[in-house]
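Trainee: Pasting a structure here, questions to come.
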Amino acid sequence: MNIIQFISNIMIPLVFLIIIVYGLLKKVRIYDAFIGGAKEGFTTVLGILPTLIGLMMAIGIIRASGALDAITGLLTPLCRFLGFPEEALPLTFMRTVSSSASVGLLLDIFKIHGPDSFIGRFVSVMMSSTETIFYTLSLYFMSVRITKTRYTLGGAIIANLAGVVASLFIANWLYK
Amino acid sequence: MLNYIWASFILIGIIYALVAGNIEGLTTAALDSAAEAVGLCVRMLGIMSMWTGMMRIAEESGLIKALSKALQPALGKLFPGLMKHGAEGGRAMEHISTNVIANILGLGWAATPPGIKAMEELQAINPDKSTASREMCMFLIVNLSSLQLVSINIIAYRAQYASVNPQEIIGPGILATLVSTGVGIIFAKIMEKKVFK
């Protein structure tokens, strides 16, 4: 348990250390490179701002209406039976469809329950171990005009399902 | 698809609120959420730019290239048939390892171009141009199983919502990612045996 905590704390400083030392050894003008890269990150974030506004507004509306509670209310018995936190259900489905829409739902959970609650931690781990399957799959296959994808979708769904189940187990183990 | 999801959120919200009598809070909710998105992006600007800045150093120093070279022997086990295809197979392998490294480092924008290049090279050696080859299936399942070690954006969101220890999910995230990728690889290997006899 402590080792996982340790990896979490050391990871980013370690990545920074390796990048800086390697950059110095290779005589890269590291600060100039950093600025150039940071500018790119800046543009990326500004680029997602309109998407985020649209999505958070839509989620704000559906949440305030009470419809989301009604839908999850219907699924509560099934979730209880499976030991799955029902508030995380819409996010889990959305995660496979759209990365930006799932971020909206993720932030909604952080807002209501807090990122350090059990469910906040569970969805954080779950988001880091799953992918937007449908978008990426169609992008890659369409780029080379493949129409018969064999077992790719099945494999992607099973791998992501394994990620969700593993996250739930890990969250139960570490944070319950 | 997103068009319909977005529309249905708003329409279901408004209609349900009318029926259930919750309409009075809807305007405030819409306005507050829109404003909150901006506040969030301000913090994201700092964290994302820091990350992409560091990663640019790694690119320019050749660190990312060195890592993808180091990865190639391991990837050879996932794509045993690839090296038999000469130059095209080799190029495909290079693109695949760059894509995997970029994914591991959480550089989605840097992972897509080599990913598409890899698909093109794999298509060049694919005997049936309309059907996914064995290598394509493996590549995409691994790719879609989530490879990311550090989800910097999740950490940024957690920080924005006042988490005491935003990075505490890195270790658990790595563990869960190993499980999902492991299951994906095992599934792909089993299916390979069934489909490509």
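The values are calculated or read from the model by the stated rules, or taken from the named source; none is laboratory data. Small disclaimer: the values here were computed from a predicted structure and weren't measured. Backbone-built Cβ (ideal geometry, glycine too); neighbour counts: all protein chains shown.
Trainee: Scan region B:1-46 residue by residue and report those that are surrounded by 19 or more Cβ atoms within 10 Å (Cβ to Cβ), out of contact with any Leu (no Cβ under 8 Å at 6 or more places or on another chain) and either touching a residue at least 24 places away in the same chain (Cβ under 8 Å) or more than 7 Å from every other protein chain (Cβ to nearest Cβ) (or both).
Mentor: B:Met44
Trainee: Part of a helix (DSSP H, G or I), of a type in the set (Gly, Ala, Ser), touching a helix residue (DSSP H, G or I) at 6+ places or on another chain (Cβ under 7 Å) and more than 30 Å from B:Leu178 (Cβ to Cβ): is that true of A:Ala58 in this structure?
Mentor: Taking the combined requirement at face value, the residue satisfies it.
Trainee: Also: Within region B:170-178, identify whether any single residue is surrounded by fewer than 23 Cβ atoms within 10 Å (Cβ to Cβ) and more than 30 Å from A:His113 (Cα to Cα), and answer yes or no.
Mentor: No: zero hits.
A quick yes/no check of all residues on (1) polar (S, T, N, Q); (2) in the same structural domain as A:Asp108 (by TED's automatic domain parsing):
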| residue | (1), (2) |
| --- | --- |
| A:Lys39 | no, no |
| A:Thr43 | yes, no |
| A:Gly54 | no, no |
| A:Met57 | no, no |
| A:Gly60 | no, no |
| A:Gly73 | no, yes |
| A:Pro77 | no, yes |
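Trainee: Here's another thing I want to ask about it. With respect to A:Ile20, is the statement that it is farther than 25 Å from B:Val38 by Cα, surrounded by 17 or more Cβ atoms within 10 Å (Cβ to Cβ) and over 24 Å from the mean Cα position of the chain (by Cα) true?
Mentor: yes
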